[in-house]
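Read the structure below first, then the notes.
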There are 2 protein chains.
Amino acid sequence: MSVVAPVATAAVDVACLTVAADHRLLVLLAQARGGPFAGWWGLPGRLVRGNEPLDEAAAAELRDHAGLRGCYLEQLYTFGHPARDPRGRVVSVAYLGLIANCGRHPLPPGDERYLALGWRPVSPLPPLAYDHATVVRTAVARLRAKLHYTNLACRLLPGAFTFGELQAVYETVLGRPLDRRNFRKKILALRLLRPLGRTRRGPHRPAALWSFRTRRPVTVTVL
Amino acid sequence: MSVVAPVATAAVDVACLTVAADHRLLVLLAQARGGPFAGWWGLPGRLVRGNEPLDEAAAAELRDHAGLRGCYLEQLYTFGHPARDPRGRVVSVAYLGLIANCGRHPLPPGDERYLALGWRPVSPLPPLAYDHATVVRTAVARLRAKLHYTNLACRLLPGAFTFGELQAVYETVLGRPLDRRNFRKKILALRLLRPLGRTRRGPHRPAALWSFRTRRPVTVTVL
DNA sequence: CCAAAAGTGTTACAAGTACACCCATGA
DNA sequence: TCATGGGTGTACTTGTAACACTTTTGG
C-alpha cells in the first residue's frame, strides 16, 4: 500500500571477511562508479528490492559483483543514522560474510556498478564511504566474539586443514598468539573436528589433516 | 535521490520486557486499531520517518503510546521476510526494551493508533500480528543470553533491591531455579553491586538492600 | 513458637593456564 | 646437520556445583 514521502528505505551492505595466506584479516571492498561517493572504496551493497529477502539481497551482491557463491552470511547490525547517506534516508542492514581462501577466487576487474574490487586489510582500514568503517569494525568484533563459542572458524578454512592453519586463523582474528598445546586441547575438547587420517607433506614434518564435523552453525557453550 | 517503486521501507518494532511482581516475564503488547491486523495484538511499532534515528523511533513508540520514558533499548534483529507485511515490503528493525516495575507505570487505555495496551506473559504467548511472535521469542533469547555476561538485570530492577529480588529476576528470565549461596557468591565476584547499608523490613527477617554500581551497559567476561 | 525468608562455608570436580622437550621432514 | 613446524603431558590455579544449618523478624 502506498507510503508517502518522508520514510526510510532499506538497503543491505556486506562486510565479507577472509584470512589471507599471509595471516592478515582482509575485507572485500568495492570502488563505487557513481553516487555520492563515486571513486571511494566501500562495502558492496545496494537498496533492497520489493520482493527479495534481506539474506538473498546480501548474497546476490557478493555473487553478482564479486563472483563469490556459497559464502557464509549472517545478519550483523542495522545502521540507520539519518545522515549516513547524503542522498536521503537509507537504513542499511549490514551482513557479516566469511569465506576461505580468498586467493582461490580471483575477483572480477569491475562492472557497471564498481570501478574495481579488492581484498584490503582491516587494519589499517582505508577511508571508506558512508559509515562503512564502522560496519567493518563491528563485523570484526562479531567474528572475534563468536570464534570463542561457535564453529564459525570453519567458514574461514578449506575442507581440510592442519592444526597449524586452524590456529593461525584464530590468532589472526583474535590478534594475539595462543599456546599451541592448550589450543589443541581446547579445540579437541569441543569435539567439532574430525581427523581425516591423511597428512599434508610440506617442507617440514607432515601435519595431520582435519575437517569440521559440520559446517552448520553450532554454538558450543551451554547456558 | 528519488527512489522508485519496488523498494523496501523501514520500520521499528519494540519488544519491551519486564518481570512482574508474580515472577512472570511479560511483554508489552498493543491492539491495532487499523491496518491489515486491525483488532490483533502485536508489538508497538511504526514506519521510520525520514529524519529520525532508529533508536529514537523505537523510544518514541514507547513514550507516545505507552507513556514509558527512559526505557532501556537495544537493537535486536532486523526482520525482512518479503511477505511479513501484507501491505507491501516493510523491513522491520526490532528493538529489545527492558523496564523495571511494570506495575508502577499504569498504561494508558488506548489512543488513535491502538485500541488498548497491555502487559502479557511471554509464555504462553497469544497469537500476534505480523511475525511478532518470532520477534518476542528472539527478544527473550537475547535477554536470557546476555544475563550471563552483562549487567542487563539492572534494567529489570528498581534502584534498590534485595538479593532475593535479584535472584528472582534471574530465575524468571532463565526459567530455572538457582542455588542461593552460589548465586550470591558469583554475583558478588562480578563486583557489579554496591551495598546500600540499608535494609528492607517486611514480614520476615530484614534483607540488605543493594544497587548496581552503574546502569551503563557492562560486559563482564573478558575475551 | 511458628512460618518464612535471609544469611553463611566447605568440599569435590572441571576447566583453564603456564610451561619444555623430542620428532619428522626437505633442503 | 640444520631449520622449521608438528606433536605431546604435567602441575597449578581458578571457577563451578553440590550441599544444611542458623538467624531474624512478624504474626
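The values are calculated or read from the model by the stated rules, or taken from the named source; none is laboratory data. Please read all numbers here as calculations on a predicted model, not as lab measurements. Neighbour counts run over all protein chains shown; Cβ positions are idealised from the backbone, glycine included.
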Options A:L188, A:L178, A:L156, A:L209: the member that is touching a Ser or Thr at 6+ places or on another chain (Cβ under 7 Å), within 16 Å of DNA strand D (Cβ to nearest atom) and either at pLDDT 95 or above or more than 24 Å from A:V93 (Cα to Cα) (or both): A:L209
Failed criterion for B:G80 (all others in (1) over 12 Å from the mean Cα position of the chain (by Cα); (2) buried (at least 18 other Cβ atoms within 10 Å of the Cβ); (3) more than 14 Å from every other protein chain (Cβ to nearest Cβ) hold): (3)
Within the range B:191-217, considering residues that are among the aliphatic types (A, V, I, L, M) and out of contact with any helix residue (DSSP H, G or I) (no Cβ under 9 Å at 6 or more places or on another chain), the one nearest to B:A100 (Cα to Cα): B:L209
Residue among B:L62, B:L73, B:L54 that is farther than 30 Å from A:G45 by Cβ, crowded, with 19+ Cβ neighbours inside 10 Å and free of Cβ contacts under 8 Å to residues at least 60 places away in the same chain: B:L62
Every residue from the range A:13-60 that is within 9 Å of chain B (Cβ to nearest Cβ) and under 17 Å from A:I99 (Cβ atoms): A:D55
Wholly enclosed strands (runs of 3 or more DSSP E) of the range B:108-220 bearing at least 1 residues touching a Leu at 6+ places or on another chain (Cβ under 7 Å), in contact (Cβ under 8 Å) with a residue 40 or more places away in the chain and surrounded by 15 or more Cβ atoms within 10 Å (Cβ to Cβ): B:114-121, B:207-212
Count - residues of the range B:32-84 that are among the acidic types (D, E) and in contact with a strand residue (DSSP E or B) (Cβ under 8 Å, 6 or more places away or on another chain): 3
Hits in the range A:88-105 (condition: out of contact with any helix residue (DSSP H, G or I) (no Cβ under 9 Å at 6 or more places or on another chain) and more than 14 Å from A:V27 (Cα to Cα)): A:G88, A:R89, A:V90, A:R104
Looking only at the range A:31-51, and only at residues there that are of a type in the set (F, W, Y) and farther than 14 Å from A:D13 by Cα, the one that is surrounded by the most Cβ atoms within 10 Å (Cβ to Cβ): A:W40
Hey, B:T9 of a type outside the set (G, A, S), more than 14 Å from the chain's Cα centre (by Cα) and within 20 Å of B:K146 (Cα to Cα) or not: no
